[in-house]
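Participant: Sharing a structure below in structure tokens format, with a few things to ask.
The values are calculated or read from the model by the stated rules, or taken from the named source; none is laboratory data. Everything quoted here is computed from the prediction, not taken from an experiment. Neighbour counts are summed over all protein chains in view; Cβ atoms, including those assigned to glycine, are modelled from backbone coordinates with ideal geometry.
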Amino acid sequence: MAAVRKLSENLFMFDLFEQGLRGRSSAYVYTGARKVLVETGSTPCHPYLVAALKTLGLTPADLDYVVVTHVHLDHAGGAGVLAGVAPQATFVAHPRAARHLIDPTKLIAGAKAVYGDDLERFFGQILPVPERQVLIREDGDTLDFGDRVVTFYDTPGHAKHHFSMHDPVLSAVFSGDALGVRYVAEFTGWPFEFVLPSTSPSDFDPKAVEKTVDKLRALAPSVVYHTHFGPSPAETAFAGTLEGVRMFTLLADNAYSADTTWEQLAAALEQRIAAWLRENGHVEPLDIADLGVDIELDAKGLLYYEQHARTRP
Ligand SMILES: [Zn+2]
């Protein structure tokens with residue numbers, strides 16, 4: 001049975017078991033006047049999504065809105081499959097993300113470049129969402145959920161096509177990957193949690209992350225709902241994201257030369273994160289390799305940034 005956790009009146013979260021992993025990705029469901037899902041996960045998550053909705057007495061056919069923070073496959077890869085069983089639902093997306101939902105060809109090609117032969121195994125089939133089901137929300141646009149009006153904000157830094165959703169009733173921001181990843185014990189196996197940024201390719205931009213943090217901080221939310229994984233006190237998410245981005249970028253700036261490989265950056269990043277955890281009092285012997293895929297993606301994104309995006313004096 002799907003474990004569904006109540007966060008507040010009419011808001012629930014559950015584990016999507018992204019790539020079979022516990023504590024990796026969460027989805028959120030509003031059960032009030034409008035039934036709203038935030039994040040679909042990838043296609044292999046679909047059975048967990050359906051099971052969790054069932055626990056709440058819902059089926060995909062009950063959903064009014066499906067909000068996807070951005071179109072990376074672990075967030076919206078399953079949108080097309082969901083649309084097939086939720087033809088009444090409106091999929092709400094960033095202006096730059098909508099076209100990839102409607103035609104995922106470029107998205108699949110981009111993901112193939114990152115994941116290679118693992119793409120199909122990790123993410124399954126990636127289907128389009130019919131255009132008539134896609135609603136674009138620009139920066140500052142609102143949406144009426146019947147019992148509240150939420151606002152969407154353009155929040156680049158992790159991806160240029162990323163928005164975040166602010167719920168003034170809950171004093172909450174649904175941040176996707178814009179405010180980092182919350183690493184929980186269920187995922188790492190370590191008896192503590194922490195927030196680090198996701199600097200995956202190919203849009204990572206530290207200056208944009210800082211602006212995004214400033215913009216969302218100005219809303220003075222109490223809580224941040226990460227996609228990876230669950231809620232953080234808002235200030236923990238803001239501070240963790242900023243500290244991590246500065247740490248990662250400094251490391252990449254220092255380590256980078258024209259012949260640097262992502263493997264070298266990943267090894268340096270692994271050491272830096274282990275040292276940072278020790279500096280924060282986590283002295284247990286940690287198998288940092290548990291963060292493997294994230295470190296690999298972060299290293300590739302940092303390398304891409306150094307090679308293409310960074311402007312050197
Ligand atoms: Zn993600």
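Participant: Take the conditions at pLDDT below 95, of a type in the set (Val, Ile, Thr) and assigned to a loop (DSSP other than H, G, I, E, B) and apply them to residue 283. Does it pass?
Facilitator: On the way: at pLDDT below 95: yes; of a type in the set (Val, Ile, Thr): yes; assigned to a loop (DSSP other than H, G, I, E, B): yes.
So residue 283 fits the description; yes.
Participant: Given the condition under 27 Å from residue 103 (Cβ atoms), more than 16 Å from the ligand (Cβ to nearest atom) and either more than 20 Å from the chain's Cα centre (by Cα) or outside the structural domain of residue 100 (by TED's automatic domain parsing) (or both), answer yes or no: does some residue in the stretch 10-20 qualify?
Facilitator: Scanning the stretch 10-20, I find no residue that is under 27 Å from residue 103 (Cβ atoms), more than 16 Å from the ligand (Cβ to nearest atom) and either more than 20 Å from the chain's Cα centre (by Cα) or outside the structural domain of residue 100 (by TED's automatic domain parsing) (or both), so the answer is no.
Participant: Which residue pairs have Cβ atoms under 6 Å apart, sit 6 or more places apart or on different chains, and have a first residue in the stretch 57-83 that is more than 16 Å from the ligand (Cβ to nearest atom) and a second that is polar (S, T, N, Q)?
Facilitator: 65/90; 81/43; 82/40; 83/133
Participant: Please identify the pairs in which a residue from the stretch 209-230 that is over 17 Å from residue 162 (Cβ atoms) has its Cβ atom under 8 Å from the Cβ atom of a residue that is of a type in the set (Phe, Trp, Tyr), counting only partners at least 6 apart or on another chain.
Facilitator: Matching pairs, first to second residue: 229/183; 229/187.
Participant: Please name all residue pairs, on different chains or six or more residues apart, with Cβ atoms under 6 Å, provided the first residue is in the stretch 16-30 and is under 19 Å from residue 180 (Cα atoms) and the second residue is within 11 Å of the ligand (Cβ to nearest atom) and of a type in the set (Phe, Trp, Tyr).
Facilitator: Filtered contacts from the stretch 16-30: 23/229; 26/229.
Participant: Quick one: count up the residues across the stretch 39-62 that are under 25 Å from residue 179 (Cβ atoms) and of a type outside the set (S, T, N, Q).
Facilitator: Number satisfying all stated conditions: 6.
Participant: Step by step: first the residues of the stretch 150-200, then only those that are within 15 Å of residue 74 (Cβ to Cβ) and of a type in the set (Gly, Ala, Ser), then the one that is nearest to the chain's Cα centre (by Cα). Which residue is that?
Facilitator: Across the stretch 150-200, the extreme among qualifying residues is 176.
Participant: Among the residues of the stretch 20-78, what is the count of those that are outside any strand (DSSP E or B) and either buried (at least 18 other Cβ atoms within 10 Å of the Cβ) or among the charged types (D, E, K, R) (or both)?
Facilitator: 33
Participant: Same structure again: Quick one: in the stretch 151-185, of everything that is of a type in the set (Val, Ile, Thr) and touching a helix residue (DSSP H, G or I) at 6+ places or on another chain (Cβ under 8 Å), which residue is farthest from the ligand (Cβ to nearest atom)? Give the steps one after another, and end with the answer.
Facilitator: Keep residues of the stretch 151-185 that are of a type in the set (Val, Ile, Thr), which gives 151, 155, 169, 173, 181, 184.
Applying the additional criterion that residues be touching a helix residue (DSSP H, G or I) at 6+ places or on another chain (Cβ under 8 Å) yields 155, 173, 181.
Values: 155: 13, 173: 16, 181: 7 Å.
Looking at residues that are of a type in the set (Val, Ile, Thr) and touching a helix residue (DSSP H, G or I) at 6+ places or on another chain (Cβ under 8 Å), I get 173.
Participant: Further question: Give the residue, chosen from 203, 214, 147, 118, that is within 13 Å of the ligand (Cβ to nearest atom) and either within 15 Å of the chain's Cα centre (by Cα) or not hydroxyl-bearing (Ser, Thr, Tyr) (or both).
Facilitator: The match here is 203.
Participant: Shifting gears a bit: Could you check the stretch 88-205 for helices (runs of 4 or more DSSP H) lying wholly inside it with 3 or more residues that are at pLDDT 95 or above?
Facilitator: Counting at least 3 such residues, we get 95-102.
Participant: Could I ask something else about it? Name the pairs: first residue in the stretch 178-194 and without any contact (Cβ under 8 Å) to a residue 12 or more places away in the chain, second residue buried (at least 18 other Cβ atoms within 10 Å of the Cβ) and assigned to a strand (DSSP E or B), Cβ to Cβ under 8 Å, at least 6 apart or on different chains?
Facilitator: That search, which allows pairs on different chains as well, returns 193/182; 193/183.
Participant: From the list 145, 163, 152, 174, which one is farther than 22 Å from residue 244 by Cα and surrounded by 22 or more Cβ atoms within 10 Å (Cβ to Cβ)?
Facilitator: Details: 145 fails: surrounded by 22 or more Cβ atoms within 10 Å (Cβ to Cβ); 163 fails: farther than 22 Å from residue 244 by Cα; 174 fails: farther than 22 Å from residue 244 by Cα.
None of the others qualify; the one that does is 152.
Participant: Sticking with this structure for a sec: Could you check residue 85 against (1) at pLDDT below 95; (2) of a type outside the set (Asp, Glu); (3) in contact with a Ser or Thr (Cβ under 9 Å, 6 or more places away or on another chain) and say which number it fails?
Facilitator: Single failed check for residue 85: (1).
Participant: Please give the number of the condition residue 223 fails out of (1) surrounded by fewer than 23 Cβ atoms within 10 Å (Cβ to Cβ); (2) farther than 28 Å from residue 143 by Cα.
Facilitator: Looking at each condition in turn, residue 223 falls short on (2).
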